[in-house]
Amino acid sequence: MLITGAYQTKFGELWDKSLSDLIFEAGSNAMKDAGVKPAEVDLVLVGNMLSGQLEGQEHLGAVAAEALGINQAAAMRVEAACASGGVAVNQAVNAIKAGAAKTALVIGAEKMTDKSSGEVALSLMGAASEAERQAGLTFVGLYGLMARVYFDRFGLKKDDLAHVAVKNHRHASLNPKAQYPYAVDLETVLKSSCVASPLHLFDCAPITDGAAAVVIQNRRSTSHDQKRVVAIAASQVATDSVSLTKRQSLVEIGATKTAVKKAYLEAGVEASEVDVAEVHDCFSIAEIMAVEDLGFCKKGEGAKAIKRGEFDFGGRLPVNLSGGLKACGHPVGATGVKQVVELALQLRGEAGERQVKGAKVGLAHNVGGSGGTAVVHLLKKI
């Protein structure tokens, strides 16, 4: 399975652009990058979580196809909470494997900043359990609870947590498409307001507008530049309970561990072979758990490894060079596709100032809700 085209819009507070504008920008530029015409696309998948609640639009597959001039293709929206984009990529891969499509256009898109933070937070809780909603929890509260358990189990302090945001902002300063392309220091993170102890404002991904798109094909055409084609070596989805009360452990995301185990097996790759990764850092504690659950370090050692710079640009395994969800931004339906776009750029050698020299294997990790869904893709340079 090959990624032949990739594109990301600017992420941020894009008040001058509609959801359709973002879909068109991402989709048309990904097709242009792939050298694919609208008539060649036979499957359009749009990863999106909130368009029905925030935009009043539930028919995004057809909206995207119409905007892009794609006729007679199968077109539909894919929803899996904050993993909508990642699951859309997975569904495209599966459709092509099954012979149901030859050329798929996958777009992840979300328009969030036109509504108040309260409206967005309430809508996002549609990804939580009924009991959690009735208790008045939000996702920062749910991840705050996980962080509390993790702190108690492994003896973490707030400054250990803060290094995640510092790293990801530093990476975002090299990414012109990031929502917050600037560095921050440890003091700024620790002095930001406490949202849900121990999580501070700078431990939380922002509300964001944006879109990203990839073209996935079953084979390379003669017109493709071989150096710019990236293979999807594995794509796996796993689930766990939606509610935290049903989890076996609150210091890990079980769905991540299941999905990555299957992905490593499918790709014939070990964690030690990954050169660059984009992981789901919706909150700082999420990245700490992710680098452990993905096998990049042992359980309980994620924060120490981040603090030592092991996952920095120039470290042994750079993580979230885009800036991650924290600093690049988190338009929830777009995030999983953006991660794949970032890795495609890295493996092509087109990531500019944040390019990892000689990168051959990339891992994307996208989570829905507090861990009810997890998606892992492994990409390889051909």
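The values are calculated or read from the model by the stated rules, or taken from the named source; none is laboratory data. Here the structure is a predicted model, which is why all the values come from computation and not from measurement. Don't worry about glycine lacking a Cβ; one is built from the backbone with ideal geometry, like all the others, and counts go over all protein chains shown.
Remarks
- Top-ranked residue in segment 89-136 [being outside any helix (DSSP H, G or I) and among the hydroxyl-bearing types (Ser, Thr, Tyr); ranked as surrounded by the most Cβ atoms within 10 Å (Cβ to Cβ)]: Thr103
- Residues of segment 9-56 that turn out to be surrounded by fewer than 17 Cβ atoms within 10 Å (Cβ to Cβ), without any contact (Cβ under 8 Å) to a residue 40 or more places away in the chain and part of a helix (DSSP H, G or I), as a count: 4
Residue by residue, here is whether (1) buried (at least 20 other Cβ atoms within 10 Å of the Cβ); (2) at pLDDT 95 or above holds:
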site: His163; (1), (2): yes, yes
site: Arg170; (1), (2): no, yes
site: Tyr180; (1), (2): yes, yes
site: Leu186; (1), (2): no, yes
site: Lys191; (1), (2): no, yes
site: Arg219; (1), (2): no, no
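- Of everything listed in (1) farther than 21 Å from Ala6 by Cβ; (2) within 21 Å of the chain's Cα centre (by Cα), the single unmet condition for Glu55 is (2).
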